[in-house]
Amino acid sequence: MYTVLVNITVQPVSINTTLNSTVVFSCEVIADDLSFRVNNTPATDEANMNKGFSVTTSNNGGTRRAELQAIAYEYNNNTEVRCRASTDDPPQIVFSDTAILMIQGLLDSVVDLNYTFINGSSVLLTWTAPYTLDNVPITGYYIVNGLVNITTTNKSIILSATNPDPCILNNVSVSPINDVGIGSSNNISFYYETVPLITPPVSVVPVVNGQLISLNISINVSELCDGEYPNNATVNILNINNEIQDSTSIPTQVNDQLMITGVITVPNNLNTFIVNVSLSNNGGKYLPTPSFGFGFLGPVTNIDSSIDNCSTIDITWTAPTVDDRVSILYYILRIYDTITGSLVDTVSVDDTSYQFVDNNLFIHRYTYVITGVNELGEGISNNDTFSYQRVPQSVTEAGFNIAAFNQTSANVSFNIPITLECTGEAPGNISVTIECNGTGVVYNDTTLVEYAKRPMIITGSVLVPLYQQCNITVVFSNGVGSSDPFILAFVANILPTTSSTSATSTISPTVSTRTSSSVIIIISVFAGGGLVILPMIIIFCCLSLRLYHKKKLRIERRASESHGLPNERVSFDGSSAHSSVGSTTQETKLCPSQSTNTSEPHASTTKEAATGGGATASGTTVIGATGGDTNPPAIPDDEESKGAT
């Protein structure tokens, strides 16, 4: 055992310093010898001295003091330093505590560098100081903002710009400073933000999944500079009273297609709603975007239908009343056969009209169901039913002439050429009835004209008694109904004459077209409506009429010379009787209910006649003029005329 006589009264302490600075370690002891050791080697070794270490010692009354001066080269960082004290008698060696030389070089970059917009042209820049050794202070921060260099001792700074350009990227670097110099920099970039002059296009597309309605929101920023991008997009859903029902923000991240997208859900209790999308950035609020209105469409109105020709049907309707922001994509038209109840066709129509072909349109009855479609799907349907066949119009004018007769009866014959064209009022049948007050029905004829494609001739002949009031009745009918009857009254009279060479009375007609003593009544019938008469029939009838006139005048002249009577014929036009030497040549033009049928059956007739008679083509009848009266006039009571009435 021995007693420690060496006591190091001043121990060396660790030192933190900056690069290339000079530091001094001190040691003090009462002993015979005192020295420094660097990394466990004598500080006076040449190697240590070459690294910038040097030792100085002093002795004051037995108290020895040593100082180790060191230059803080980079390779001297973390150098261990100790003092060595020794005595000669008794011999003892004592080492001090170990001190560490730590050298701080240039500082690392700041961390957590970030920016916050105060407004579109002012940015608050913040950061966190880098690590540094204790007692080695950061003396400041060096900021490069474009062409502007700023030094601050704070860990934040406000950067501002006048009339910033949102299309130019602003780069900022921040570097820490200590006694060594400016440390590593940290960089950050941003665009000063401004509100664009033109609000970017916004799209709102609803997606219906059962009872759930979602909205796909898209904002196209492809025409904006980066500093004009919105950083806030709020979607407001309003009811029809403009009351906000929901408000949701969507992320404003811009994708590769330069679009901002998001999805929101519409509250379930809204069938009609308005969507507003508001945009903003740190430069302010954007101009308002157009509102989007959505709602299930109401019914169309004013459904109407007509025909263009024998086989084309036109359908028109009026669009439902909607908000200007609600677009109608198209209409669904469903065509039903009302008679069978079957679905004939379903078509999508872009406009408010549709046309289709039906070669048998007059025998069909259609129900049209029309539904508007928009982004939310099908709306409320509306329907109407149409039939294209109508009750035929009544005959409005008629006239006839008595050409010849005998003492007991008159032979009535008629000849009605008919030309057919398409119209809903086209008759399917023509019924002609002749009835006399004393005899009853003497003629009843029903003729089928529905399928006639070329002009057809309705003819008939019957004997009617003289001196009886008779009515000729013409009725048109089709599948819908019958026209009002046209009734024309007439009386066949004879005039007695006395021959100068015979005492017996003879009966002579006022007008005769034959050598036989028979009565020929030429009936002219006119139906209302603008109808086209075939030119060839007109020409044929006119030539026949002219030949007939010439022949009749010759016969009348001979009859006047042989009987000594004036040449006279009484005509009846449905309203009055008058003398005439002419005859009427007319043509009837009717309209079929089916004009595309390629077959043309013969006219089928059902006839009833009280008395027989031969048919003669003594004239023609026109159905198609206007005017006249469906009520027969009173029979004239002119005893002196003695003509046919």
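The values are calculated or read from the model by the stated rules, or taken from the named source; none is laboratory data. If you're wondering where the values come from, they're calculated on a predicted model, not measured in any experiment. Note that each Cβ is placed from the backbone with ideal geometry, even for glycine, and that neighbours are counted across all protein chains shown.
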_Based on this model, can you work out whether SER175 counts as in a strand (DSSP E or B) and in contact (Cβ under 8 Å) with a residue 60 or more places away in the chain?_
yes
*Would you be able to tell me the number of residues in the stretch 36-62 that are in contact (Cβ under 8 Å) with a residue 40 or more places away in the chain and of a type outside the set (Lys, Arg)?*
4
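Here is a yes/no grid of residues against (1) part of a strand (DSSP E or B); (2) under 56 Å from the mean Cα position of the chain (by Cα); (3) within 18 Å of LEU19 (Cβ to Cβ):
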{"position": "ASP108", "(1), (2), (3)": "no, no, yes"}
{"position": "LEU113", "(1), (2), (3)": "yes, yes, no"}
{"position": "THR126", "(1), (2), (3)": "yes, yes, no"}
{"position": "PRO130", "(1), (2), (3)": "no, no, yes"}
{"position": "ASP134", "(1), (2), (3)": "no, no, yes"}
{"position": "ILE138", "(1), (2), (3)": "no, no, yes"}
{"position": "TYR141", "(1), (2), (3)": "yes, no, no"}
{"position": "ILE150", "(1), (2), (3)": "yes, no, no"}
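To keep it simple, each residue is scored yes or no on (1) among the acidic types (Asp, Glu); (2) over 14 Å from LEU113 (Cβ atoms).
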position	(1), (2)
VAL144	no, no
ILE157	no, no
ALA161	no, yes
ASP165	yes, yes
SER184	no, no
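Tell me the residue from SER214, SER173 that is surrounded by fewer than 19 Cβ atoms within 10 Å (Cβ to Cβ), at pLDDT 95 or above and among the hydroxyl-bearing types (Ser, Thr, Tyr), please. Please lay out each step first, then the result.
On the way: SER214 fails: at pLDDT 95 or above.
SER173 is the lone residue from the list that is surrounded by fewer than 19 Cβ atoms within 10 Å (Cβ to Cβ), at pLDDT 95 or above and among the hydroxyl-bearing types (Ser, Thr, Tyr).
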*Failed condition for ILE118, given (1) surrounded by fewer than 16 Cβ atoms within 10 Å (Cβ to Cβ); (2) of a type outside the set (Ser, Thr, Tyr); (3) out of contact with any Leu (no Cβ under 8 Å at 6 or more places or on another chain); (4) closer than 30 Å to ASN170 by Cβ, with all others met?*
(3)
*Quick one: ILE416 ticks every box in (1) modelled with pLDDT of 85 or more; (2) more than 53 Å from the chain's Cα centre (by Cα) except a single one, so which number is it?*
(1)
*Under 9 Å by Cβ, and 6 or more places apart or on different chains, what pairs join a residue from the stretch 332-343 that is under 16 Å from SER387 (Cα atoms) with one that is assigned to a loop (DSSP other than H, G, I, E, B) and small (Gly, Ala, Ser)?*
TYR336/SER342
_Any residue at all in the stretch 429-445 that's under 22 Å from TYR388 (Cα atoms) and either part of a strand (DSSP E or B) or modelled with pLDDT of 70 or more (or both)?_
yes
*Could you check how many residues of the stretch 295-319 are crowded, with 20+ Cβ neighbours inside 10 Å and touching a Pro at 6+ places or on another chain (Cβ under 6 Å)?*
2
